[in-house]
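FYI, it's all coordinate maths here, none of it is from the lab. Computed from a predicted model, the values in this text were never measured in an experiment. Don't worry about glycine lacking a Cβ; one is built from the backbone with ideal geometry, like all the others, and counts go over all protein chains shown.
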Amino acid sequence: MKSISSHFSIFISSFVLLFSFQFTNVIKSIVNDYASKIVNDYAIVVVSSSELKEEELQKQIPEIESISEISSKKILDRLKNEMSSKNLALLQVALPKFYSLKLGSLPDKKRIETIKQKLSSITTISRVETFAKTHEKMFKMFLLLQAMVYIFTFFVACIAVLLILKQIRIWIYEHQRRMAIMALFGASFFMKSAMLYRMTLVDTLLSALCVCAFYDIVPRLPLAQAYAAELDVVLPSFNWLYEGSVLVGASFVFALIAVSIVARKIGRV
Amino acid sequence: MEYVIKASGLNIGYERDEPVITDANMAIKAQEFVFITGKSGSGKSTIIKSLYGELLPNHGELNVCGVDFRNIGSSKLNLLRRYLGVVFQDYKLIDEWTVEQNVMLPLIIGGFSKSVCIKQAHKLLKHVKLLHKINKYPYELSGGEQQRVAMARALAHNPILILADEPTGNLDSYSSEVIWNLLKGAKEHLGTTVVVVTHNIPSTLGIDYKHYFLEGGVLHEVN
C-alpha cells in the first residue's frame, strides 16, 4: 500500500506537470492558428492618387505580404444609369486607386498605428483605413486567453512541484536507513540510489506516455472535433516524434532532479 | 601487509575538540582474533566506528587493510568497506528486504552474479540455522535471529576483516554460541582477522586472542 502510494504520488505529480506543459503548447498552437486566420481575413485599405508598388511599400513596412488593387468597376457600373457617359469618363479619370494591403503577421495596436503613420506619410496616399478597433478587440481577447492559460499552467505546475517536494521528504524518510546501511557496506552513490532512480524513471516515463496518449487520442474524438469546429479552431494533432520526445525527455529530467535531491540529502545525513 | 590494522596516537571523537579516545595505539596482524573490552560508555563502539570509517580520526595515524585514513576520499572508503564485514550492535538490517536479500547485500555491492549471491546466502543462512526463514522480513524475526542474519551478512563476501560491535549483547545462549562459532570459524578456516567489541570475553572460546582494554578513553593492551 505504501509502495503503491509512493508510485502514485510521483506518477500524478509528473503527469500534472507534463499535462499542463503540453496544454500550453496546444493552446499556443490553437491561438497561432486562429491568429493566422484573422490575418488572412484582415486587410488595410489605402486610397492613393497614383499606382502603388508592392516592393517599395514592403521596404518601408516589412509586415506587408501583398497588395491588391480594389477594382472601381463595380461602383462605376452602379452609376452608369445615373450619369452621362461623358461624366462617367471624367469620374473614371478622377477616381483614386483603392488598394487592399495583406499583412504577414498579426500586429498589435501600436504597430498598426505606426504602419498607418508610415502609409499616411506617402504623399500620394490620401486615406488609410486600418479597422484597428475591430482588430484590437479580437487580438486582446486572444492575448487574454493565452495569459489565462499561462497563469493556470503556472499554478498547476506549482501544485505539481509542491507534490514532488512532499514526495522528496517522504523518500528521504523512507530510504535514508536503507541507503545509510548500503553505504556502510561500500555501496557507491549510484548503487545506493539505483532503486529510487529506477522506480522514479519508470513512473515518470509512464506518466509521459499517458500524457502523450491523451493528447494523441482526445483531439481525434468526434466530440472534441465537433466542439472545435463550433469554435472555428483546429485541434493540433500530436507529433509523437517531436512532442513525444520532449515530454519523455522532460519527464526524465524531472525524475533525475527529484532523485538527485533525495540522494544528495541522504548522502549528507 | 603485515598489519591489518595499525593505529598510532589516534584521537577519535564526535566533536573535534572533545576526543572520546585519546592517543590510542593498536597493531593487529592478519588472522588475529582481537577483543576490545571496557565499561559502558568507555568508547568501544567509537573505536569500531573509526575502523570502518563512520568516524574519521581527529588526530593520529590509522591504517586499515593497507588504506591510510588521512585524507581518505569517499570512493576509497567505499572500496575499503567492501573488504570488511561489520556486525552492528543494532543489527542494521534493511527492513523492506527479506533475510535472503539482506545477506546478499555485500555480494550485490561487490558485483557478484545473482546465482553466486543466492548460493552464498543460502550457505551462510544454513550455517546460522536460518535457512527456513529465508523469505521472512527482519521485523518478523527475534533479536537473536536478526543478529544471526547480520552475522551471515558480515561473512557473505569472505571479508579480510570482521568488525563486530557487541555481537552477542542481549542474545540468548543458543544465538550467542552460533555467533561465537561463526567468528571462530572465520578466523580458523578462512584466515579472517576478527575484532570484537564486547563486555565479556566468553570463557569457552578455546582460541588464542589479543585483548585490548579501554578505560577513560585510553586503550591498553592486556598481556
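Stokes-Einstein diffusion for the stretch B:89-158, with the hydrodynamic radius set to the Kirkwood value over Cα pairs and evaluated at 10 °C in a medium of 1.306 mPa s, equals 138 µm²/s. Rounded to the nearest 10 degrees, the inclination of helix B:143-155 to the longest alpha-carbon principal axis of chain B is 80 degrees. Counting every other Cβ atom within 10 Å of each residue's Cβ, A:Met83, A:Met182, A:Met199 order from fewest to most as A:Met83, A:Met199, A:Met182. Let me confirm the definition first: pairs of Lys residues in the stretch B:89-158, 8 or more apart or on different chains, C-alpha distance under 17 Å. How many are there? Taking the stretch B:89-158 as the scope, the lysine pair count is 7.
If one takes the longest principal axis of the Cα atoms in chain A, at what angle in degrees, from 0 to 90 and to the nearest 10, does the Cα axis of helix A:245-268 lie? In chain A, helix A:245-268 runs at an angle near 40 degrees to the longest axis. Applying the Karplus relation 6.51 cos²θ - 1.76 cosθ + 1.60 with θ = phi - 60° to the stretch B:164-181 yields 3J(HN,Hα) values of 10, 9, 6, x, 10, x, 6, 9, 6, 5, 5, 5, 4, 5, 4, 5, 5, 5 Hz, where x marks Gly and Pro. Between A:Lys137 and A:Ser36, full extension at 0.36 nm per residue minus the direct alpha carbon distance yields a gain of 34.8 nm. The mean count of C-beta atoms from other chains within 10 Å of the C-beta of residues in A:172-181, rounded to a whole number, is 3. Cβ-to-Cβ counts within 10 Å put B:Lys136, B:Lys44, A:Lys110, B:Lys92 in ascending order as A:Lys110, B:Lys136, B:Lys92, B:Lys44, the fewest first.
Computed from Cα atoms alone, the Kirkwood hydrodynamic radius reported for the stretch B:1-102 is 14.8 Å.
Extension gain for the segment A:Val45 to A:Ala194, taken as residue separation times 0.36 nm less the Cα-Cα distance, is 47.0 nm to one decimal. Cβ crowding within 10 Å ranks B:Val128, B:Val197, A:Val128, B:Val116 as B:Val116, A:Val128, B:Val128, B:Val197, fewest other Cβ atoms first.
Each Cα pair of the stretch A:132-269 feeds into the Kirkwood radius, which the Stokes-Einstein equation turns, at 20 °C and 1.002 mPa s, into a diffusion coefficient of 117 µm²/s. Extension gain for A:Leu145 to A:Lys118 (0.36 nm times residue separation, less C-alpha to C-alpha distance): 6.6 nm.
The Rg/Rh ratio of the stretch B:145-223, with both radii computed over alpha carbons and Rh defined as the Kirkwood radius, is 0.96.
Values of log10 I(q)/I(0) for the stretch A:60-139 across q = 0.11 Å⁻¹ run -0.42, by the Debye formula with one identical scatterer at each alpha carbon and no solvent.
Once C-alpha pairs closer than 8 Å and six or more residues apart are averaged by separation and normalised to the residue number of chain A, the relative contact order reads 30 percent.
How high is the FRET efficiency from A:Ser29 to A:Glu129, r the C-beta distance, R0 41 Å, rounded to 0.05? Using R0 = 41 Å, I get an efficiency of 0.85. Counts of other chain beta carbons within 10 angstrom of each beta carbon in peptide B:45-55 average 1. Placing +1 on each Lys and Arg Cβ and -1 on each Asp and Glu Cβ, with no other charges, gives the protein assembly as shown a dipole about its Cα centre of roughly 820 debye. Inter-part distance, the stretch B:94-147 to the stretch B:148-223, computed on C-alpha centroids, equals 20 Å. Each stretch of four or more DSSP H residues adds -39500 (n - 2.57); spread over every residue of chain B, this sum gives -10000 deg cm²/dmol at 222 nm. The helix-based estimate of mean residue ellipticity at 222 nm for chain A, built from -39,500 (n - 2.57) per DSSP H run of four or more residues and divided by its residue count, is -24500 deg cm²/dmol to the nearest 500. Of the two radii for the stretch B:78-217, the radius of gyration is 0.95 times the Kirkwood radius, both from the alpha carbons; that is the Rg over Rh value. Of the trypsin sites (Lys or Arg not before Pro) in the stretch B:147-223, not one is in a loop by DSSP (not H, G, I, E or B) with at most 10 other beta carbons within 10 Å.
Across the protein assembly as shown, Cα-Cα pairs more than 45 Å apart make up 46 percent of the total.
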